[in-house]
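Notes follow the structure.
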């Protein structure tokens, strides 16, 4: 297999190159990093719902829709990308997406372990260390090829990640920031420093070679590949591609890692609008903030209800709220425990 060790490239090339290679009928492993920051959204996401487009454009931060699923992410040169393009019929490809992901996540896992970071696979497609995500990955299909992308996160701008996301208010943004920081780590956070970038690229190449076999190294983009990349730019760098219409929704979720989400949801009950900001870990409520234009008596009990919901499985929220109502004699005209359960789930 060919190894394309390209180093720092223009931000758009860090996405377009791996979109172009399978369209040329070519396999390869690409190692690169973007020379400037940008935001990248998943194939099925609504850009205007997920990203603060106005802020990004005001601050010259490009936004790109990839042909790989997953969520919105802020990317920059402190993240070293690996991009594997492999034909579906390649004998190295196991049967089933789970087996594929597990097999081809092993090289970056071993690279992290070589650095002294206890990385391990967490289904569906995360690499975690010390219970924090340390690599963002995604799998997609382009024609007859499987595209598997991910990164070694040397460092991360947590504040900018929280800032570029579309959120309902600053309180929610602050919660997103704190949850990202608690659940996403970096090489520098784990071991205090990081080896030079060239050493990390070499390490990644060595670990991938153990899985895919010998790699023939190239350090430049050939003419055919460049022509196809430029052709794709005419499509992928347009607003028409970025803003493909998606249905509006009242619910907002930010996936931090597998099993950890921060949710914002609104629900119009008969007695008024209920808003909830909820941090969920493995189906358990870890933090909740309730607000809205409903009436609840005694009013000061709303904070107590938030506390009572912490540690409760999502499927038991209605039962817990009902119990709270009975214990504290709560009255909320037009708003029932079932309404609170609806906005929390």
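Observations on the structure shown:
- Selected residue (only one of 43, 74 is within 16 Å of residue 237 (Cα to Cα) and either outside any strand (DSSP E or B) or modelled with pLDDT of 95 or more (or both)): 43
- Answer residue from the range 294-314, given it is out of contact with any helix residue (DSSP H, G or I) (no Cβ under 9 Å at 6 or more places or on another chain) and free of Cβ contacts under 8 Å to residues at least 24 places away in the same chain and is farthest from residue 273 (Cα to Cα) among those: 307
- The criterion of being in the same structural domain as residue 165 (by TED's automatic domain parsing) and either without any contact (Cβ under 8 Å) to a residue 60 or more places away in the chain or touching a helix residue (DSSP H, G or I) at 6+ places or on another chain (Cβ under 6 Å) (or both) holds for residue 24.
- Pair list, Cβ under 7 Å, 6 or more apart: the range 184-197 residue not assigned by TED's automatic domain parsing to the domain that holds residue 119, other residue at pLDDT 95 or above and surrounded by 19 or more Cβ atoms within 10 Å (Cβ to Cβ): none
- The set of residues from the range 77-122 being under 29 Å from residue 11 (Cα atoms) and assigned to a loop (DSSP other than H, G, I, E, B) comprises 77, 78, 88, 115, 117.
- Which listed residue is within 23 Å of residue 90 (Cβ to Cβ) and in contact (Cβ under 8 Å) with a residue 12 or more places away in the chain, from 260, 212, 254: 212
- Restricting attention to the range 315-325, the residues being exposed (fewer than 14 other Cβ atoms within 10 Å of the Cβ) and either in a strand (DSSP E or B) or touching a residue at least 24 places away in the same chain (Cβ under 8 Å) (or both) number 1.
- Whichever residue in the range 46-71 is part of a loop (DSSP other than H, G, I, E, B) and over 13 Å from the mean Cα position of the chain (by Cα) and, among such residues, is surrounded by the fewest Cβ atoms within 10 Å (Cβ to Cβ): 60
- For the range 131-148, a tally of residues being touching a helix residue (DSSP H, G or I) at 6+ places or on another chain (Cβ under 6 Å) and surrounded by fewer than 16 Cβ atoms within 10 Å (Cβ to Cβ) returns 1.
- Leading residue by the ranking (farthest from residue 206 (Cα to Cα)) among those in the range 85-116 that are touching a helix residue (DSSP H, G or I) at 6+ places or on another chain (Cβ under 6 Å) and surrounded by 20 or more Cβ atoms within 10 Å (Cβ to Cβ): 85
- Qualifying positions in the range 155-191 - surrounded by fewer than 19 Cβ atoms within 10 Å (Cβ to Cβ), at pLDDT 95 or above and part of a loop (DSSP other than H, G, I, E, B): 155, 157
The values are calculated or read from the model by the stated rules, or taken from the named source; none is laboratory data. Keep in mind it's a predicted model, so treat the numbers as computed, not measured. Positions of Cβ are generated from backbone atoms using ideal geometry, with glycine treated the same way; all protein chains shown enter the neighbour counts.
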